[in-house]
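Chemist: Got a structure for you, written out below as structure tokens; questions coming shortly.
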Amino acid sequence: MKKNYLWMLALCGTLAFTSCIDNADNPSGPPESTSHKNIEEASVFSKDMDLSVYAGDNFYQYMLGQWLKDNPVPTKDGDLLIGTIITQNQNATKALAEITAKGQNLIAFTLLSLYDHDDLQSDSTLLMSKIKQIDEAGTKEAMLQLMAEFVKQGYPCPFVILPEVLMRKVYPGIEMLREYNLTSLKVERMGIPDKEAISIVEAGDKWQAYVKSKPPKKQEKMLSHHYNPHEGVMLINTARRRSAGTDWIGTLGKTLDMDLSAIAADEDEMSMVDHLMTYNLDSLKLLAKYFILNRDYKYLPLKELDINTDEGSEGLFEYIYNAATDQSSGLATSLSHSYTQHAIPEGNKAEATAMFEELRAAFRNRIGKYDWMTDVTKAKAMEKLDAMKYYCGWPDNWHAEWEAKLVAEETSYRLVCNLFNQYVDITRSMIGQTSDDAIFYADWMSMGAYVANAFYSPENNSIALLASNLVSPIYDKTMPSYYNYAVLGAQTIGHEMTHGFDNTGSKYNAIGKKENWWTPQDEQNFESRQKLLIDHFNKLQYVPNVYCDGKQTLGENIADLGGIEIAYESYMKNKVTASGGERDYLAREFYRSFAEGWKFNMTTEYAVENFKTDEHAAPILRVNGIVNLTNEWYRLFSISDGAMYVAPDKRVSIW
Ligand SMILES: [Zn+2]
């Protein structure tokens with residue numbers, strides 16, 4: 001359900017609606033024919049637009065053609081794309097750097113200060129004491145016990161304990177296993193001989209190959225984090241029975257002082273345990289060393305290790321950022337708290353909450369009018385919509401005990417290790433908590449409120465909007481409200497809301513229980529509409545001769561289509577008092593904003609590779625493939641033909 005954001009900073013600032021009709025349009029060429037004529041008027045987005053393109057042929061190009069020309073993808077450093085996901089992350093990183101520099105987050109500030117005083121010898125001693133423990137393990141059982149202790153210290157060995165309250169699960173440490181190249185480490189300077197370093201790297205590679213060798217579908221499930229509290233789950237005890245004789249799960253539970261029988265896990269995760277049990281003592285040792293080094297090398301005194309020495313303060317901040325994005329360090333939570341306090345203007349959360357309620361009302365109104373659904377199913381859909389929870393920005397009550405505490409340490413590495421230790425304790429204390437604050441904090445906030453993302457959870461029937469959605473370019477109070485209704489409204493809140501009723505969400509009821517609440521006929525109608533949407537997207541190309549996969553992107557396309565319809569209805573009803581031409585102008589600006597929201601440039605190679613497997617369609621199709629299914633777009637832009645034209649009876653509408 002993850003949604004990526006791809007917005008650039010808004011362009012025209014405070015330009016008011018009336019003052020922007022100033023003939024700023026400067027078409028670079030005449031329209032191709034008189035029947036292909038664009039509406040001629042200025043827009044807040046005029047300088048992005050390419051008026052030589054007929055809106056009915058390629059709305060995305062018409063809207064963003066000039067911007068795409070002005071913002072080519074840089075070719076240096078293997079950059080593949082530019083767009084708002086980059087800008088948004090840069091904005092957030094900048095905000096975090098400022099928060100840190102001002103000492104508004106003491107932990108990050110101290111980490112940064114300690115960085116300059118790192119002591120390789122002191123840090124190596126700490127690191128090598130762990131390596132030494134591994135060397136000294138005499139039996140496989142002793143080694144497995146030690147691995148459980150490493151899990152307790154926050155190492156993904158191979159599980160990491162994250163506070164996913166709702167899911168109540170242990171996680172395999174796959175996400176931690178990024179493509180680090182340990183061979184570039186001067187590990188021998190920490191007392192590890194070159195030859196052994198190579199074996200450690202090989203052991204890590206082998207483990208990663210095992211993880212990757214799982215069929216993609218299974219791996220996706222393994223990472224999908226889905227645990228439904230309303231359904232029976234395979235408890236981790238099942239795995240204990242299976243790996244009888246080597247009860248590592250039992251050892252892990254005892255070491256963590258946790259009742260792991262209350263923790264859910266699925267077959268795929270547990271097969272990792274089975275696999276681990278096939279390792280002999282020597283290979284377990286190498287793998288454990290890999291897990292330790294892999295997590296920690298980036299927190300060692302990097303200058304001493306000749307890594308990132310030329311990046312100056314950026315390199316320093318990257319150090320903080322590494323620790324913040326390593327979810328299990330707990331720094332993400334600490335920084336998230338500061339970020340929400342200092343980087344989000346007051347009032348924005350309340351406004352985004354008001355918009356959610358407006359959109360919910362608009363959606364409810366729409367459901368009442370569908371002709372393809374009986375009243376019985378409509379009532380169920382409304383019940384689900386009414387019950388949908390909305391986690392906006394950050395929990396209402398901030399619990400100090402959920403945040404790691406600053407502890408005096410001599411070096412940044414030691415402080416990071418301390419944070420990891422603390423975080424496991426915090427996590428253990430959170431498991432089983434079910435308050436909304438706990439769910440918001442543990443299931444969503446722990447990834448960092450500064451990450452531009454939003455989610456729908458079918459098991460909790462809730463939307464979570466991370467705080468970074470509440471600032472420009474996603475929510476920008478200097479822009480006219482059509483922009484915010486299109487970007488925060490349609491593409492974010494409305495989109496996530498509709499996920500509750502997409503091909504997956506529709507299988508869950510108001511309390512998040514998997515249940516078929518559809519009458520057979522209504523379900524059939526829903527499915528035939530989905531089929532039409534699949535066919536519609538199957539015909540669309542995101543680069544010449546490369547077609548979108550309508551089935552793979554179905555859920556996201558349903559959400560995009562619902563999002564624009566709901567937000568448009570809400571905008572026109574709640575914000576537009578004008579009539580006639582002025583009203584239509586504002587409506588067109590809403591549609592233009594919708595394209596602005598997907599402002600994105602990328603290399604063809606990147607597009608081909610990325611969207612082959614992405615469950616989201618490419619940005620151009622998230623605009624062109626959606627607007628041409630809405631009747632208003634044809635009316636507003638006077639479109640009666642062109643490459644994007646879809647006959648009225650073929651325009652699929654779902655939510
Ligand atoms: Zn989505």
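Only the coordinates and a few stated rules stand behind these numbers; no lab work does. These figures come from a predicted structure and were not determined experimentally. All Cβ positions, glycine included, derive from the backbone under ideal geometry; neighbour counts span all protein chains shown.
Chemist: Could you give the length gained on full extension between Lys539 and Lys369, defined as 0.36 nm per residue of separation minus the Cα-Cα distance, in nm?
Modeler: 58.3 nm
Chemist: Please list, in order along the range 279-294, the HN-Hα scalar couplings obtained from phi with the Karplus expression 6.51 cos²θ - 1.76 cosθ + 1.60 (θ = phi - 60°), rounded to whole Hz, x for Gly and Pro.
Modeler: Those phi angles translate into 6, 8, 4, 5, 6, 4, 4, 4, 5, 4, 4, 4, 4, 5, 5, 4 Hz.
Chemist: For a quick check: with amide H placed at 1.01 Å from N, whose amide H comes under 5 Å from Lys389's, ignoring anything fewer than 5 positions away on the same chain?
Modeler: Those lying under 5 Å, H to H, from Lys389 are Ser462, Ile463.
Chemist: Also, I was wondering about something else. Decide, for the range 366-486, between rounded, prolate and oblate: order the square roots of the alpha carbon gyration tensor eigenvalues as a ≥ b ≥ c, take rounded if a/c falls under 1.5, and otherwise choose prolate if a/b is larger than b/c, else oblate.
Modeler: Note, shape of the range 366-486 comes out oblate.
Chemist: Tell me which chymotrypsin sites (Phe, Trp or Tyr not before Pro) from the range 455-564 have a DSSP coil assignment and no more than 13 other beta carbons within 10 Å of their own.
Modeler: Working: sites: Phe455, Tyr456, Tyr475, Tyr482, Tyr483, Tyr485, Phe501, Tyr508, Trp517, Trp518, Phe526, Phe537, Tyr542, Tyr547; in loops: Tyr475, Phe501, Trp517, Trp518.
Passing both the DSSP loop test and the Cβ count: no residue.
Chemist: Applying a 10 Å radius around every beta-carbon, put 194-205, 639-650, 54-65 in order of their mean neighbour count, most first.
Modeler: Taking the mean over residues of other Cβ atoms within 10 Å, the ranking is 54-65, 194-205, 639-650.
Chemist: Ordered by packing density, taken as the mean number of other Cβ atoms within 10 Å over each peptide's residues, highest first, how do 490-496, 386-392 rank? Present the calculation step by step, with values, prior to reporting the outcome.
Modeler: Working: 490-496: 29.1, 386-392: 17.7.
In decreasing order of mean packing, 490-496, 386-392 become 490-496, 386-392.
Chemist: Still on this structure, please answer the following. State to the nearest 20 debye the size of the charge dipole of the range 501-561 about its Cα centre, where the only charges are +1 on K and R beta carbons and -1 on D and E beta carbons.
Modeler: So the dipole magnitude of the range 501-561 works out to roughly 100 debye.
Chemist: Take the residue pairs Lys132/Lys195; Lys384/Lys650; Lys94/Lys152 and return only those whose Cα atoms are more than 23 Å apart.
Modeler: Values: Lys132/Lys195 17 Å; Lys384/Lys650 29 Å; Lys94/Lys152 33 Å.
Distance filter (> 23 Å) returns Lys384/Lys650; Lys94/Lys152.
Chemist: How much FRET efficiency would the formula 1/(1 + (r/R0)^6) give for Val376 and Glu351, where r is the Cβ-Cβ distance and R0 is 25 Å, rounded to 0.05?
Modeler: Between Val376 and Glu351 the formula returns 0.10.
Chemist: Can you tell me how much longer the chain between Thr125 and Asn397 gets when fully stretched, taken as 0.36 nm per residue apart minus their C-alpha distance, in nm with one decimal?
Modeler: So the chain would gain 93.9 nm between Thr125 and Asn397.
Chemist: Grab the Cα-Cα distance for Glu196 and Glu141, subtract it from 0.36 nm times how many residues apart they are, and report the gain in nm with one decimal.
Modeler: That pair, Glu196 and Glu141, stretches by 17.6 nm at full extension.
Chemist: Under 12 Å from a point placed 7 Å out from the Cα of Asp549 along the Cα-to-Cβ direction: which residues of the range 584-616 have their backbone N that close?
Modeler: Residues 609-616 qualify, since their backbone N sits under 12 Å from the label point.
Chemist: Once Lys and Arg get +1 and Asp and Glu get -1 on their Cβ, which of Thr353, Tyr339, Met373 lies farthest toward the positive end of the dipole of the range 334-373?
Modeler: Going by the charge dipole, the pick is Met373.
Chemist: Next up: Given H placed on each backbone N at 1.01 Å, which residues far from Tyr508 in sequence or on other chains put an amide H within less than 5 Å of it?
Modeler: Answer set, sorted by chain and number: Glu515.
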